[in-house]
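The block underneath contains the structure these notes are about, expressed in structure tokens.
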Amino acid sequence: MTNHIFISNKLKSFNKKIKVSSDKSISIRSVLLASQAVGTSKISNLLESEDVLNSLKTIKKLGINYIKRKNIYFIKGFGVNGFSIKKNTVINAGNSGTLARLILGLLVKTKTEVKLVGDKSLSKRDFSRVVKPLKLFGVNIQSKKNTLPIKIQGTNFLRPIKYKENIGSAQVKTCIIFSALNTPGITEIISKSSRNHTELMLKFLNYPIKVKKIKNYEKITIEGLKQFNSFAYSVPGDISSASFFIVLTLLSTNSQIIIENVNVNKSRIGIISILNKMGANILLKNKKIYNGEEVADIYVKSKKDLVGVNCPAKFNSSAIDEFLIIFLVAAKAKGISKFRDLGEMNKKESKRLDLAVKFLKLIGIKVERFENDISIHGKPNIILSKSFEMKNFLKDHRIFFLSCITALTLGGKWKINDKDSINTSFPDFLKILKKIGAKIH
């Protein structure tokens with residue numbers, strides 16, 4: 001079976017209303033929190049991507065059963081530290097850094113040693129940022145090079161910690177919050193602002209967690225060893241998945257789109273703020289609050305005269321997964337776009353900052369790079385006519401998505417490999433593109 005696609009035609013003008021895949025971050029968190037609740041939780045519209053399916057397999061290995069009826073997953077939890085773990089248990093997180101880092105936080109009290117592994121890509125990623133705070137809690141955790149595989153064995157003598165998280169990593173913050181659930185006393189985190197789905201979900205569950213804003217940081221306090229009841233949750237659309245259709249519309253001719261029911265949490269919509277600074281007019285309509293999360297329809301129209309941006313670093317955390325596609329807009333904008341302090345991009349599924357520079361040069365865009373800062377010289381009239389083959393530096397779902405949007409908006413004849421990578425986060429990506437009118441072979 002082939003694992004590549006061909007695109008050789010730009011997309012014609014369109015006017016569509018679509019729904020994108022459910023939010024991956026919230027899907028994983030809802031599965032893990034349901035595993036810690038007392039009773040049977042009902043989660044609807046769960047994203048059925050590889051990362052989320054691996055989360056379901058993980059809780060099952062830890063003694064938590066679930067069934068699916070129609071569009072609802074029923075997950076039966078036994079409360080905080082309610083896992084029942086067999087000897088020699090191995091958890092495979094696949095490609096999911098979110099699952100791998102978050103599940104460690106829920107294993108801090110396990111009596112049985114658990115081994116955590118992942119795929120080739122995940123096994124290269126740095127886990128020191130969670131290993132360090134877990135050791136402060138008193139957990140026995142072993143990793144040769146601060147990478148997977150990791151062995152973890154919990155303890156009954158956990159101690160609350162005070163920890164400063166300077167990276168702006170929601171995964172690190174949530175790992176500490178999950179560890180605190182099992183720990184007596186008050187755990188305190190001073191965290192650089194990042195996506196806050198975990199805090200909002202725990203507030204929705206009436207768990208004793210407090211968040212106080214301090215400039216670019218948040219002070220989070222969690223009281224441990226409190227139980228919470230099962231819950232019902234319908235997962236909204238994912239802004240990261242929506243971002244590719246936002247840019248597709250923006251760079252197409254005489255087109256518009258409405259993307260329905262998307263999570264527009266302020267810690268996630270950096271892409272909208274950045275693109276609007278570049279001259280886009282992206283609107284949020286039908287806003288509502290659902291269980292603490294802000295949800296809206298996103299309205300986008302094509303825009304010819306986009307301009308370069310001197311991007312404030314304050315948007316980095318809220319757009320970290322979307323910079324690849326933002327760079328494509330910068331490539332077509334008038335003037336020079338500047339982005340700073342993007343080292344965190346190289347800590348993702350691949351070294352995305354390195355690959356972004358390589359990709360932009362491949363399509364003829366001048367890029368200047370100094371360490372983690374880049375400047376992109378836009379070409380407003382860029383039209384691609386050559387043949388391109390994307391391989392070797394793929395296997396990252398977001399680079400596959402980026403290649404497709406480039407082909408459909410800038411032209412050229414493209415062979416794009418590693419089609420299966422879309423199953424990580426957005427299995428319906430190609431199906432929705434075809435619905436809009438894309439010719440994909």
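General remarks:
- Just one residue in the set 43, 64 is in contact with a strand residue (DSSP E or B) (Cβ under 9 Å, 6 or more places away or on another chain), within 20 Å of residue 201 (Cβ to Cβ), outside the structural domain of residue 430 (by TED's automatic domain parsing) and part of a loop (DSSP other than H, G, I, E, B); that residue is 64.
- Matching residues in segment 305-319 - criterion: being touching a Gly at 6+ places or on another chain (Cβ under 9 Å) and either polar (S, T, N, Q) or surrounded by fewer than 20 Cβ atoms within 10 Å (Cβ to Cβ) (or both): 305, 307, 314, 316, 317, 318
- Tally of residues being aliphatic (A, V, I, L, M) and not in a helix (DSSP H, G or I) across segment 273-282: 3
- Residue match in segment 393-412 (condition: under 24 Å from residue 238 (Cβ atoms), crowded, with 21+ Cβ neighbours inside 10 Å and touching a His at 6+ places or on another chain (Cβ under 9 Å)): no
- Each residue in segment 153-179 was checked for being surrounded by 21 or more Cβ atoms within 10 Å (Cβ to Cβ), aliphatic (A, V, I, L, M) and more than 23 Å from the chain's Cα centre (by Cα), and 1 pass.
- Any hit, segment 404-415, residues being among the hydroxyl-bearing types (Ser, Thr, Tyr), at pLDDT below 95 and within 24 Å of residue 257 (Cβ to Cβ): no
- Among the residues here, residue 421 does not qualify as within 15 Å of residue 322 (Cα to Cα) and not assigned by TED's automatic domain parsing to the domain that holds residue 147.
- Scan segment 115-153 for residues that are in a strand (DSSP E or B) and either of a type in the set (Val, Ile, Thr) or not assigned by TED's automatic domain parsing to the domain that holds residue 51 (or both) and the total you get is 4.
- For segment 181-216, taking the residues that are among the hydroxyl-bearing types (Ser, Thr, Tyr) and in contact with a strand residue (DSSP E or B) (Cβ under 7 Å, 6 or more places away or on another chain), the one that is surrounded by the fewest Cβ atoms within 10 Å (Cβ to Cβ) is identified as 193.
The values are calculated or read from the model by the stated rules, or taken from the named source; none is laboratory data. Here the structure is a predicted model, which is why all the values come from computation and not from measurement. Here Cβ is always computed from backbone atoms with ideal geometry, including for glycine, and neighbour counts include all displayed protein chains.
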